[in-house]
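Notes follow once the structure below has been shown.
The values are calculated or read from the model by the stated rules, or taken from the named source; none is laboratory data. These figures come from a predicted structure and were not determined experimentally. Counting neighbours? That spans all protein chains shown, and the Cβs are built from the backbone with ideal geometry, glycine included. We work out accessible area using only protein heavy atoms, side chains counted, and drop any ligands, DNA or RNA first. Shrake-Rupley method; radii C 1.70, N 1.55, O 1.52, S 1.80 Å.
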Amino acid sequence: VQLQASGGGLVQAGGSLRLSCAASGSIFSNNRMGWYRQAPGKQRELVASITSGGIANYADSVRGRFTISRDNAKNTVYLQMNSLKPEETAVYYCNAVPPWVGISGYWGQGTLVTVSS
């Protein structure tokens with residue numbers, strides 16, 4: 001099983017990043033996929049999701065700034081993040097919705113996004 005997010009990094013407030021996530025077919029195929037984030041000391045939250053048919057949903061906090069997309073041929077989901085805010089500093093994960101969780105609560109590899117003020 002693979003859930004490998006990439007594309008994070010350090011960006012100034014107002015900047016943009018594009019995250020990518022390669023997933024195993026067993027998780028990706030025909031499933032709604034989502035991007036989650038977990039900030040230090042906070043619970044993980046779902047920020048965007050997309051159905052296998054391409055219908056997207058967003059948390060109110062990111063609507064209009066983030067865009068989720070997917071490439072079903074590549075089992076890959078993307079998150080374009082614009083106008084980033086310092087409070088959006090977090091580890092970002094992709095997963096199915098509802099999420100697949102491995103042994104000992106393993107969620108796959110996340111990617112750290114740090115937004116400086």
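Taking Cα centre as origin and charging only the Cβ of basic (Lys, Arg, +1) and acidic (Asp, Glu, -1) residues, the dipole magnitude of the chain rounds to 80 debye. Distant-in-sequence amide contacts of Arg70, defined by a placed amide H-H separation under 5 Å and a gap of 5 or more residues or a different chain, comprise Tyr78. Averaging the Cα positions of each part gives two centres, and for the stretch 1-42 and the stretch 47-84 these lie 10 Å apart. Estimated purely from DSSP H runs of n ≥ 4, each contributing -39500 (n - 2.57), the mean residue ellipticity at 222 nm for the chain is -500 deg cm²/dmol once divided by its residues.
Rolling a 1.4 Å probe over the protein chains gives Lys74 an accessible area of about 130 Å².
Need the full-extension length gain, Lys42 to Ser26, defined as separation in residues times 0.36 nm minus the C-alpha distance. One decimal, nm. Don't skip to the answer; put the middle values down first.
Numbers: separation 16, 0.36 × 16 = 5.76 nm, distance 2.91 nm.
Roughly 2.9 nm would be gained on extension.
Legend: Rg and Dmax of the chain, from Cα coordinates, 13.2, 39 Å.
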